[in-house]
Amino acid sequence: MKLNTIGLICTLILLSCTSGKKPVEQKTVYEYQRSGMVNLSRQQNGLLSVNSIQTAEDVNKAVSFAEINALENILFRGIPGSLQADPIISNEKEAMTKQALTKLIFNEGYRIFMTDSRLIERQDSKNAVTVTQEVTFDIPALRKHLEQNGVIRKFGL
Amino acid sequence: MKIVKTVLIILLLSAGRLAAQGTTPANTQPTIMVIPFSQEGTSLRTAYEQNELVRVAITKVKEAFDKRGVNTIDLRAKIKQTANTGALQEDQKSDLKDEVINNSGADVYVEVEANANYTNTGNSVTLILTAYDAFSGESYANKVGNSPKFYTTNFEKLVEKVADTEIPNLLNTIQEKFNDVIDNGRTITVKVGIHENSKFKMETEVDKEGNFLSDVIEDYIVEKSYKGKYHIQGMTANQLTFDIVKVPLKDESGNNFRVSRFASDFRRFLRSKEIQCTQTINGNSLVFTIN
C-alpha cells in the first residue's frame, strides 16, 4: 500500500516535470495588398517619383511590395498634385483581363519603366519590416507600353 | 492531307491575328488647334503675339500633343490663311475667333491663358487651359494650375514648370472624354418645328394607329439614337426639341458617321408618312421645319 502510494506520487512528480514545450512562434507570411500610402515625392520631364510604404517579413519582399504598390496607385488611382493626377487606367476590372498588364505588375515587367528605386526609411519590428521606398517611373514610356499592348487607348477618338 | 494541315494552320494563324487586332481598339487621330485666350476687343493674333507667356504655354501644349503622337494645327499659319482668304482682317476683333476655328477644320481646340502674379513673397504664374469640342462647343477639359512662388521675373520658366504638371492631366481628361464619346456616341441636337402655314400640329394624328406626330418623331429618335440615348428638352404644339441625341462615331461601314445622313434619313422617314419638311444643318444642330 505504502509502495503504491510512493509510486503514485513519483508518477505525478515525473508527469509534472515533463518539459513544458514553448509554443512554436508562427512566422507571419505577408501577402501583397494595395494600400493608398503612396504620395508624390517629385516630378520632372515625365519622370514621376512617389514614396510608397509597405510591410513584409523581410526587407526585399517589403521593397518589392512597395514598388508594386506605387505602380498600382499610378495606374489605377492617380497621384494627387502630380502630372498623373488621374489614373492611367480608368477601368481596372476590364484592364486586369489583359495578360500584358498582369505581367507588367506581378511578373516584374514594371522594372523596365522604373528608373529608380531607393530605400528612404526602414522600420524593423517583431517579424516584420516596414519600408518607405521612393520609386520613380517613366510615365510616357509606361503609357506607350500600355497603348501598344491594347490595355489603354491611344490618344484620339 | 498535307494541304488540309497547311490550310488549318493558316486559318488558325489568321484567327489569332484577328483576335489580336480586336484587343487593340482602332482610333482616329483628332485634329487639334491650340489658341490663346483673347479678351473681347483683342484679336487672336494680338493675343498671341503680344504675350510671351502665352506663346511659351502654347508651345508647351503643342509639344505635349506631339509627344502623344497627335499633330496640332498651327494657329499662326491658320490666321494667315484666314486673313488671305479675306475672312479675318487684322482690325477685326475676337468674335472672329469662331471663324478661325471653323476654317481650321480642328476637331478640338485648346484655349490657353497665362497670367503673371507679383507678390512680396515671390512671383508665380497661373495657367488656365480649356479644351473644347469644335463640333459642338462642348467643354472637354478644364485645368487651372499655379506655379510655385519664386523670387524671379523669369515667368517663362515658371510657365514651363506649371505646364509640365497640368498639360499631361489635361490630355488625360480629354482622352477620358474621347473614351466616353467612343462608348456613348457624339451628341447632336434635333429641333423639329412646324411652319406657320402647315396643317400639322404636334398632336395631329399621322398614321392609321392614331399616333401623334410627336410620338412618331420620338419613336424614330429612340430607334436611331445610339444605344437609345436621347433627351427631350421641351415640346409645344409647334415644336419638339431634343437637346441630346447620341449618334455613333462610325457608321456600319466603319466610316465617320455623317450628320447629313442622319438628317436625310429623318426627312425621308417623314416623307414616308406623307409629311414634307425642310432641313438645315449647322455643325451638330439639325433643324427641321414641317411644311
The extension gain from B:HIS195 to B:GLN50, computed as 0.36 nm times the residue separation minus the Cα-Cα distance, is 47.2 nm
Along segment B:198-208, Karplus-curve 3J(HN,Hα) (6.51, -1.76, 1.60; θ = phi - 60°) to the nearest Hz, with x for Gly and Pro, reads 6, 7, 8, 9, 5, 8, 6, 6, 10, 9, 5
Here FRET efficiency (C-beta to C-beta, A:ASN39 to B:GLU223, R₀ 56 Å, nearest 0.05) is 0.65
Too long for a 28 Å Cα-Cα cut-off, among B:LYS60/B:LYS80; A:LYS61/B:LYS67; A:LYS93/B:LYS60; A:LYS61/A:LYS103; A:LYS61/B:LYS161; A:LYS93/A:LYS154, are A:LYS61/B:LYS67; A:LYS93/B:LYS60; A:LYS61/B:LYS161
HN-Hα couplings for segment A:111-121 via Karplus (6.51, -1.76, 1.60; θ = phi - 60°), in whole Hz with x for Gly/Pro, come out as 4, 5, 9, 8, 8, 7, 8, 10, 6, 9, 8
So, over other residues within a Cβ distance under 10 Å of B:SER124, counting Lys, Arg +1 and Asp, Glu -1, the net charge is +2
Partner shielding of A:148-155, taken as the mean number of other chain Cβ atoms within 10 Å, equals 6
Rounded to a whole number, the mean other protein chain Cβ count within 10 angstrom for residues of B:167-176 is 5
The set of residues whose placed amide H lies less than 5 Å from the amide H of B:ALA134, leaving out same-chain residues fewer than 5 positions away, is B:VAL108, B:TYR109
Counting only protein heavy atoms and leaving out ligands, DNA and RNA, the solvent-accessible surface of A:ARG122 at a 1.4 Å probe, in Å² to the nearest 10, equals 120 Å²
Taking a crude spin-label model, label points 7 Å out from Cα along the C-beta direction, the B:ASN282 to A:VAL59 distance in nm is 7.1 nm
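At R0 = 25 Å, how high is the FRET efficiency between B:ASN120 and B:VAL144 if r is their beta carbon distance? Nearest 0.05 is fine. If you can, show how the numbers build up before the last one.
Details: r = 23 Å, r/R0 = 0.91.
Calculated transfer efficiency: 0.65.
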Comparing each residue of segment A:70-104 in the complete protein assembly with the chain by itself (heavy atoms, probe 1.4 Å, ligands and nucleic acids ignored), those losing at least 30 Å² of accessible area are A:LEU83, A:ASP86, A:SER90
Residues whose modelled amide H sits under 5 Å from the amide H of B:ARG186, counting only those 5 or more places away in sequence or on another chain, are B:VAL247, B:LEU249
Rounded to the nearest 100 Å², the accessible area buried between A and B, both sides, probe 1.4 Å, is 2000 Å²
At the level of C-alpha centres, the distance separating segment A:60-82 and segment A:93-157, in angstrom, is 7 Å
With label points set 7 Å from each Cα along the Cα-to-Cβ direction at B:THR236 and A:LYS103, the distance between them in nm comes to 6.3 nm
Karplus-derived 3J(HN,Hα) from phi for segment B:121-133 (6.51 cos²θ - 1.76 cosθ + 1.60, θ = phi - 60°), whole Hz, x at Gly and Pro, runs 9, x, 9, 8, 10, 10, 10, 10, 10, 9, 10, 10, 7
Contour minus Cα-Cα span, B:ASP243 to B:GLU203, at 0.36 nm per residue, comes to 12.4 nm
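In segment B:144-291, what percent of the accessible surface is made up of carbon and sulfur (1.4 Å probe, ligands and nucleic acids excluded)? Mind showing how you got there, number by number?
Details: 3580 of 7990 Å².
Answer for segment B:144-291 is 45 percent, counting heavy atoms of protein chains only.
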Expressed in angstrom and rounded, the centroid-to-centroid distance over alpha carbons for segment B:239-270 and segment B:107-185 is 34 Å
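Please compute the per residue accessible area over segment A:44-157 with all protein chains in place, 1.4 Å probe, rounded to a whole number of Å².
Working: 5140 Å² over 114 residues.
That works out to 45 Å² per residue.
Probe of 1.4 angstrom, ligands and nucleic acids ignored: what's the accessible area per residue over segment B:185-290, in square angstrom?
Details: 6030 Å² over 106 residues.
That works out to 57 Å² per residue.
Is the C-alpha gyration tensor of segment B:184-291 telling us rounded, prolate or oblate? Criteria: a/c under 1.5 is rounded; beyond that, a/b larger than b/c is prolate, otherwise oblate. All intermediate terms of the calculation are to be shown ahead of the outcome.
Details: a/c = 1.74, a/b = 1.70, b/c = 1.02.
Because a/c hits 1.5 or more and a/b exceeds b/c, segment B:184-291 counts as prolate.
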Non-local residues with an amide H under 5 Å from the amide H of B:CYS277, with H modelled 1.01 Å from N and Pro and chain starts lacking one, are B:ASN291
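The values are calculated or read from the model by the stated rules, or taken from the named source; none is laboratory data. The model shown is predicted, which means the values in this text are computed figures rather than measured ones. All Cβ positions, even for glycine, are placed from backbone atoms using ideal geometry, and neighbour counts span all protein chains on display. The protein model used for the area step is the full one, side chains on, heavy atoms only, and it has no ligands, DNA or RNA in it. Shrake-Rupley method; radii C 1.70, N 1.55, O 1.52, S 1.80 Å.
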